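First the structure, in the form of structure tokens, and then the observations on it.
The values are calculated or read from the model by the stated rules, or taken from the named source; none is laboratory data. Owing to the predicted nature of the structure, the values given are computational and were not obtained by experimental measurement. Heads up, the Cβs are rebuilt from the backbone with ideal geometry, glycines too, and the neighbour counts pull from every protein chain shown.
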Amino acid sequence: MCGIVGAIAPQDVSPVLVEGLRRLEYRGYDSTGVAVAPQAGTLCLRRAVGKVAMLQQRLDAAPCVGPIGIAHSRWATHGGVTEANAHPHVSGDRIALIHNGIIENYVELRSELVAKGYAFASETDTEVIAHLVHDHVKLGLDLTAAVQQAVRRLTGAYAIVVFDAQQPDRIVVARIASPLVVGLAEGANYVASDVQALLPVTKRFQFLEEGDVADIRRDSVTIFDADGHPVQRPVHESSLSADAVERGEYAHYMLKEIHEQPRAIADTLSERIVSDHVLEAAFGPRAAQVLPLVQQVHIVACGTSYHAGLVARYYLEQGARIPCTVEVASEYRYRNPVVMPGTLFLAISQSGETADTLAALREARKLGYVATAAICNVPESSLVRESDLVLMTRAGPEVGVASTKAFTTQLAALGLLGLAIAQRRGIDRRIVALYTRQMRQVPEMVEHTLKLDAAIRGWAQAFSDKHHALFLGRGPTWPIAMEGALKLKEISYIHAEAYAAGELKHGPLALVDHDMPVIAVAPNNTLLEKLKSNLQEVRARGGRLFVFADPNTGIEPSEGVDVITMPDHIEPLQAPLVYTIPLQLLSYHVAVLRGTDVDQPRNLAKSVTVE
Ligand code: G6P
């Protein structure tokens with residue numbers, strides 16, 4: 001969601017702040033800002049609507065130079081996208097503050113502060129925190145104590161970073177339900193919402209926990225827990241490289257990430273399968289104790305990760321013969337679900353910071369599940385730290401807002417989970433071994449499928465002037481059709497819907513005409529003949545079909561039917577992963593033709609850390 005960076009160093013920090021924002025830009029990007037204290041008593045503030053490049057232009061024209069500063073990229077929640085609403089927010093010409101999250105009681109706090117004489121310059125919930133801190137500082141409290149007092153008044157979610165231009169010896173930060181990481185270096189210290197921002201300046205990090213407040217100075221970091229007691233948080237060395245988020249030769253991050261999938265899937269499977277057997281230890285030290293107790297699985301996730309969960313239901317029920325339910329986290333968290341004995345709660349999330357998914361996990365911990373588990377791509381994330389069992393996807397940093405490699409690596413990880421549970425449930429060892437071998441073949445199949453790129457690009461023209469598109473699938477590739485529709489709408493802004501092909505006749509068929517392209521995924525499985533009948537229903541109404549078909553389906557190109565033939569011998573277990581690839585490429589090429597911002601589509605954010 002919003003990006004946060006702060007720095008205190010012997011030299012000018014503004015280049016580090018702007019580079020940090022640039023590295024976080026994919027997370028939220030409707031406005032940006034920076035505040036620096038050039039010397040004690042002065043505050044230099046620059047803000048701009050738009051991307052980091054706009055802020056950079058402002059800074060080039062009128063630099064802010066100083067050894068302490070904070071910077072923010074915003075994804076609007078309270079208040080429109082205006083310069084006045086961009087962070088940092090300032091109080092009394094001395095307190096500069098940035099914030100991620102949502103303050104729920106800001107209306108009440110605002111009235112209280114207005115009554116005390118504070119004038120508000122923005123419509124944001126954030127500005128109340130700046131004035132609240134100022135209100136305490138002006139009474140003589142030092143900044144750390146002022147922040148500790150101020151946050152006691154807040155309800156909601158926040159990561160805040162603040163400095164006082166009149167005492168520019170420290171940055172003070174606090175968090176609840178929104179991530180913050182302190183970066184440690186020699187004679188300089190940093191803070192950010194994500195390690196990515198700080199990798200050019202340090203690899204040593206301390207992750208703040210719920211309720212922590214930290215006093216960050218040039219040569220020391222003091223952390224206090226929610227009760228105000230000094231605490232030590234472990235120092236982690238990050239293995240990520242600073243250039244893992246560079247785009248290289250590719251026109252867009254999304255294209256790069258699509259092409260990284262064979263390696264990402266192979267990495268996710270590697271070292272976790274030995275002699276056709278999934279190693280339970282891959283899920284963490286508690287797995288051997290928990291997995292024998294699992295009688296059913298309850299999956300909760302958002303967006304693309306939710307679609308991965310829908311595929312997993314087929315893996316778990318058809319493959320491992322264990323009941324599985326799947327739902328979106330924003331509904332789950334308020335539904336007060338009934339939990340049957342022996343149920344494993346599984347959260348799936350690329351970022352591990354999605355507010356609804358995290359809230360669902362925290363709710364689940366109270367509900368009597370046999371254990372909680374996470375499939376996640378970010379080792380340092382809150383989701384990973386708070387789950388009993390964890391299986392990391394190894395996709396590497398994903399920058400494109402539309403998720404690609406994170407999704408297919410989630411499917412690979414879910415395949416491993418299905419196999420681990422199948423092993424425990426006494427499914428025939430030969431079947432488990434066969435499925436395990438099939439999983440290992442997926443990276444190579446994905447590699448072959450990527451070679452269809454030119455043919456898929458050839459199709460894009462037929463979509464670029466359309467307003468709607470319909471995606472069809474059946475069985476485990478129905479969620480793949482859903483993911484294909486989501487990709488198309490996210491990055492090309494074409495309205496797209498996905499249906500289980502058998503549902504076509506119950507409504508969506510009414511929409512089909514020559515202006516509604518219908519995309520179908522047709523692997524060779526037991527539902528093929530049924531799918532073919534559904535496609536006939538489309539043709540009979542004059543609908544134009546675009547089919548990604550297995551070579552043995554007998555679906556041939558004809559008038560109104562375009563076919564791209566997929567690689568041969570894709571097994572049902574492999575089909576969800578492999579058939580995802582052409583749908584990603586199709587959306588990508590359509591978006592490029594339509595000239596949209598592929599990596600940072602309008603109104604969206606990579607990691608949604610607010611409810
Ligand atoms: C946002 C992103 C999606 C992502 C969803 C869930 O909406 O734009 O790409 O699927 O959040 O994110 P998570 O990190 O929990 O997988």
(message) Against the definition (within 16 Å of the ligand (Cβ to nearest atom) and in a loop (DSSP other than H, G, I, E, B)), how does residue 352 come out, yes or no?
(response) yes
(request) Please work out which residue is surrounded by the fewest Cβ atoms within 10 Å (Cβ to Cβ), limiting yourself to the stretch 261-308 and to residues that are within 16 Å of the ligand (Cβ to nearest atom), assigned to a helix (DSSP H, G or I) and of a type in the set (A, V, I, L, M, F, W, C). (result) 264
(request) Could you figure out which of (1) at negative phi; (2) touching a residue at least 12 places away in the same chain (Cβ under 8 Å); (3) out of contact with any helix residue (DSSP H, G or I) (no Cβ under 7 Å at 6 or more places or on another chain) isn't true of residue 284? (result) (1)
(request) Residues being within 14 Å of the ligand (Cβ to nearest atom) and either in contact with a strand residue (DSSP E or B) (Cβ under 7 Å, 6 or more places away or on another chain) or outside any loop (DSSP other than H, G, I, E, B) (or both): count how many of those fall in the stretch 589-610. (result) 2
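Does residue 274 satisfy the condition of being without any contact (Cβ under 8 Å) to a residue 60 or more places away in the chain, more than 26 Å from the chain's Cα centre (by Cα) and within 20 Å of residue 412 (Cα to Cα)?
Considered against the rule, which asks whether it is without any contact (Cβ under 8 Å) to a residue 60 or more places away in the chain, more than 26 Å from the chain's Cα centre (by Cα) and within 20 Å of residue 412 (Cα to Cα), residue 274 comes out as yes.
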(message) Suppose we filter 409, 404, 343, 357 for residues that are within 13 Å of the ligand (Cβ to nearest atom), over 13 Å from the mean Cα position of the chain (by Cα) and among the polar types (S, T, N, Q); which single one remains?
(response) 409
(message) Could you go through the stretch 113-126 and let me know if any residue there is among the polar types (S, T, N, Q), in contact (Cβ under 8 Å) with a residue 12 or more places away in the chain, closer than 13 Å to residue 215 by Cβ and part of a loop (DSSP other than H, G, I, E, B).
(response) no
(request) Any residue in the stretch 591-611 that's under 15 Å from residue 303 (Cα atoms): show its pairings with residues that are basic (Lys, Arg) and more than 9 Å from the ligand (Cβ to nearest atom) at Cβ separation under 7 Å, as long as the two are six or more apart or on different chains. (result) 605/27; 606/27; 607/27
(request) Have a look at 454, 373, 406 and point out the one that is buried (at least 17 other Cβ atoms within 10 Å of the Cβ), assigned to a helix (DSSP H, G or I) and at pLDDT 95 or above. (result) 406
(message) Just to verify a result, which residue in the stretch 66-86, among those that are assigned to a loop (DSSP other than H, G, I, E, B) and touching a Ser or Thr at 6+ places or on another chain (Cβ under 6 Å), is surrounded by the fewest Cβ atoms within 10 Å (Cβ to Cβ)?
(response) 81
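Residue-wise test of (1) β-branched (Val, Ile, Thr); (2) part of a loop (DSSP other than H, G, I, E, B); (3) closer than 18 Å to residue 282 by Cβ; (4) away from the ligand (no atom under 15 Å from the Cβ).
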position: 367; (1), (2), (3), (4): no, yes, no, yes
position: 379; (1), (2), (3), (4): no, yes, yes, no
position: 399; (1), (2), (3), (4): yes, yes, no, no
position: 440; (1), (2), (3), (4): no, no, yes, yes
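Every residue, every condition in (1) farther than 27 Å from residue 317 by Cβ; (2) at pLDDT below 95, yes or no:
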residue: 479; (1), (2): no, no
residue: 494; (1), (2): yes, no
residue: 514; (1), (2): yes, yes
residue: 534; (1), (2): no, yes
residue: 538; (1), (2): yes, yes
